[in-house]
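Reviewing the structure listed below.
The values are calculated or read from the model by the stated rules, or taken from the named source; none is laboratory data. As the structure is a prediction and not an experimental result, all values here were calculated from the model. Quick reminder, even Gly has a Cβ in these numbers, built from the backbone with ideal geometry, and neighbours come from all protein chains shown. Only protein heavy atoms, including side chains, enter the accessible area calculation; ligands, DNA and RNA are left aside. Shrake-Rupley method; radii C 1.70, N 1.55, O 1.52, S 1.80 Å.
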Amino acid sequence: FAVLQGKKFDRLPFVAMITWWYNEHRARGTLPEKYKNTDALGVAKDVGFTLLDGTGFYRIRRENIETVVRSELVYDGSALVKKGLTAVVEKTPVGKLESVRVSTGLSNLPKEFPVKTVEDMKTMKYILDHSRVEPTFEEYVSMQKYYGDDGLVLPIIPHSPVNSILYDIMGQQRGIVALYRYQKEVEDLMMSIEGLQDEIYRLAEKLPSKIIHFGEHVHSVINDPRIFKKYQIPYFKKRIAQLHAKGKICSCHWDGHFKDLLPLIKDTGFDAIHGVTPKPSGDVTLTELIDAVEGKTVLWGGIPAPIFQEPFTDQHFEEYVMNILKTIAPGDRFIMDIGDNLGPTGYIHRLRTVKDILEKHGYYPIRVN
């Protein structure tokens, strides 16, 4: 928090999210022997990093809407990969929407989005206008209390209205086409999303957390700079001002590919950009990111998840981490982290390597030859 708030600190913080790695190995029964009787927090305490996690703090209630959910398991070809299909039908007085999600292991992704036509937009608008938000602060509070000083739980805000269209409601291709062909209808739908989110942000103001995390998944393949400037930057500024007025720190998740958006980062107003994933995983270098934020925003990440596994060697990994320190020196606007979650094929001992390197070289101001 000292880094996030621009205060003095003695050493570079190191946090990491290992949810994917831990849950996959636990499900397969392949956790290392020393971790079979502990949880992800126990792993973090043993290795020597601060555990990063996230959770919601609200739930949405539908009014005057009938929801029918149907689930089934299917097998995918000769590989016999078991998938869970969940179909949801929402019936309203003005129409119905149907969507399908598919889950394999820990993934849960949309297969069929609920809004496919202009008429569907009207139905979704009705659903949003007849939805209410209720607090579930106890989940966040209990998680953070359990983690204590050994972990940080990020309370997650949903996608901005335009990204809700592209990620949750229509999908990327259909949503982008609709933005140009049916701009008024899409913008009307976005206004209903924003109205519902007004309630979520009012809850965020009251949540007993210093930080609020925008789970935006900014990605330049999806967020064209024109869309980003027109819809997202004004929305971010409005919401950040609202939360700053209550003393909240605002971080936002950016995916690895956003080279086209680099000139716009400093205009968003975020206190921190989380999930920073430089090359070879992303399409930007750490130097480009540092230049782009002009010292106005904390960069949170830096180590691409793929280099925690083969074909990258331990030596290459150490050299990469050392190069990060050289690049960010003196290190006053940086939080070391994975970009952005350790995968099941990653080597957990490399997290200890990061900790060892930081214990030797991570004191502020960083001086690495």
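Annotations
- Computed from Cα atoms, the angle from the helix 137-147 axis to the main principal axis of the chain rounds to 20 degrees.
- Segment 225-366: C-alpha gyration tensor shape, a/c 1.5 cut-off, then a/b vs b/c: prolate
- In the chain, excluding the sites themselves, the longest stretch lacking any of the trypsin sites (Lys or Arg not before Pro) that are in a DSSP loop with at most 14 other Cβ atoms within 10 Å is 37-209.
- Relative to the longest principal axis of the Cα atoms of the chain, helix 183-206 runs at roughly 50 degrees.
- Each Cα pair under 8 Å and six or more residues apart adds its sequence gap; the mean of these over the residue count of segment 1-160 is a relative contact order of 25 percent.
- Protein heavy-atom accessible surface, 1.4 Å probe, per residue over the chain: 48 Å².
- Protein accessible area in the chain, 1.4 Å probe - carbon and sulfur %: 51
- Simple spin-label estimate for THR104 and LYS237 in nanometres, 7 Å along Cα-Cβ: 4.3
- Candidate lysines for bridging to LYS206, where Cα separation is under 23 Å - those fewer than 8 sequence places away on the same chain excluded: LYS145, LYS237, LYS238, LYS246, LYS248
- Cα centroids of segment 175-193 and segment 1-78: 33 Å apart.
- In this rough spin-label picture, where each label sits 7 Å from Cα along the Cβ direction, the VAL88-ARG367 distance is 5.6 nm.
- For the chain, a simple Cβ point-charge model (Lys and Arg +1, Asp and Glu -1, everything else neutral) yields a dipole of about 420 debye relative to the Cα centre.
- Percent of Cα pairs in the chain per distance bin of 20 Å, from zero to the largest separation: 26, 58, 16, 0.
- 0 to 90° range, to nearest 10: angle between helix 19-28 axis and the chain longest Cα axis: 80
- The chymotrypsin sites (Phe, Trp or Tyr not before Pro) of segment 94-184 include none that meets both criteria, a DSSP state outside H, G, I, E and B (loop) and at most 12 other C-beta atoms within 10 angstrom of the site's C-beta.
- Cα gyration tensor of segment 85-195 - equivalent ellipsoid semi-axes, whole Å, descending: 30, 17, 15
- Relative contact order, percent, segment 221-280 [alpha-carbon distance under 8 Å, six or more residues apart]: 40
- Normalising the average separation of contacting C-alpha pairs (under 8 angstrom, six or more residues apart) by the number of residues puts the relative contact order of the chain at 19 percent.
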